[in-house]
Amino acid sequence: MDVSILIVNFNGAAFLDQCLACIEQSQTDLRLETLILDNNSSDNSLVVLQPYRDRVTLIELDENIGFPNGVNYLLPHATGEYTLLLNSDAFIEPTLIDTLVSVMRSDSSIGVIAPQLLHEDGRLQVPGNPLAHWVYKTNKPRSVRFLSGAVMLLNTAYFRDTLHGLDPAFFFYNDDIDLCLRIRKDNKKVYYYPNVSATHIIGASSKTVKHFVLIEGYRGGFWIVKKHYGRLAYGAYRCLMGAVFWIKGRWHRCFSSPNHREHRLVCDAVVQFAIHGNIQFSKLTRS
């Protein structure tokens, strides 16, 4: 097998058909396998996947274990030389897989490669900090600091045996930041290849989990700083985030609308992370 395509799905029924159709329309002689893990979706994802059961490997879980753990669950089943991580709300163009594999095979220094990402209306989608828009607004392939995990290709052995998959300390969000940091620390390239593209519907799955999305995003940020930037930076980050979100929380307490209540929950969670440094999963982040 040449490429194992790993898809972790949670309530992605609206996008799965198009996602899988794009894979099947790939223009390549490479041998592909598609492995899908369903994270206990509450929509009709399994109904949508029914016609594909003879063409994909489908694993159904009775709980949502998150994206990184879902990828790690699928990874031992991957038999391809390369692994393509693909969001269920991402739609690849026909030449994408063949092109990315060809580039990786030509340069062993590449640790991970990803295409240009586009919004539905064709606008460039910038991963990470919007201020870095200029980095990705190019037609020239280049090494970058960060790639979005919506669509990325890695050598399977390197991903599984050296990187040990994604960090299970994340639930969703920030795992791609962590992955790129680890690859760069291993002196491998994080490589942006804008000559092929994929359309990505940002946050399609996470829209169903309300304030937990924001809380998990901030929690992951704390873990990124603690893991990669040392005690001094982590201490400063905790002080800054605690002060900012304590002030924001006090302001939201002046209002009684549901939206302000949601934001109060987020602010309270971030303040607790800052005070106690407890950034493991908890009932606080899941409530």
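Throughout, read-outs are computed from the coordinates displayed, never taken from laboratory work. Predicted, not measured: the structure shown is a model, and the values here were computed from it. In this analysis, Cβ positions are derived from the backbone assuming ideal geometry, glycine residues included, and neighbour counts consider all displayed protein chains.
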Sorted by Cβ density within 10 Å, fewest first, the residues Glu24, Glu93: Glu24, Glu93
Nearest 10 degrees, 0 to 90: helix 258-276 Cα axis against the chain principal axis: 90
Cβ-based net charge around Val47, under 14 Å, with every Lys or Arg adding one and every Asp or Glu removing one: -3
Helix-only mean residue ellipticity at 222 nm for the chain, each DSSP H run of n ≥ 4 adding -39500 (n - 2.57), per residue, nearest 500: -12500 deg cm²/dmol
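Using DSSP to define loop residues, name the trypsin sites (Lys or Arg not before Pro) in the stretch 78-147 whose beta-carbon has at most 13 other beta-carbon atoms within 10 Å.
Of the trypsin sites (Lys or Arg not before Pro), the ones in loops of the stretch 78-147 whose Cβ has at most 13 other Cβ atoms within 10 Å are Arg123, Lys137.
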Burial ordering of His263, His119, His200, fewest other beta-carbon atoms within 10 Å first: His119, His263, His200
Listed candidates (i) 32, 23, 18; (ii) 29, 24, 17; (iii) 26, 24, 19 - label of the one calculated as semi-axes √(5λ) of the Cα gyration tensor in Å: (i)
Only Lys, Arg (+1) and Asp, Glu (-1) charged, at Cβ; the stretch 10-98 dipole about Cα centre in debye: 80
Fewest-first ranking of Cys22, Cys267, Cys254, using other Cβ atoms within 10 Å as the exposure measure: Cys254, Cys22, Cys267
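Would you mind counting up the charge near Glu60? Only other residues with Cβ under 15 Å from its Cβ, with Lys and Arg at +1 and Asp and Glu at -1.
Once all neighbours under 15 Å are counted, the net charge is -3.
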Proximal charge balance of Asp2 [Cβ under 11 Å; K/R count +1, D/E count -1]: -2
Unit charges on C-beta of K, R, D, E only; dipole of the chain, Debye: 1740
Part-to-part distance (alpha-carbon centres) for the stretch 1-41 and the stretch 214-268, which is given in Å: 35
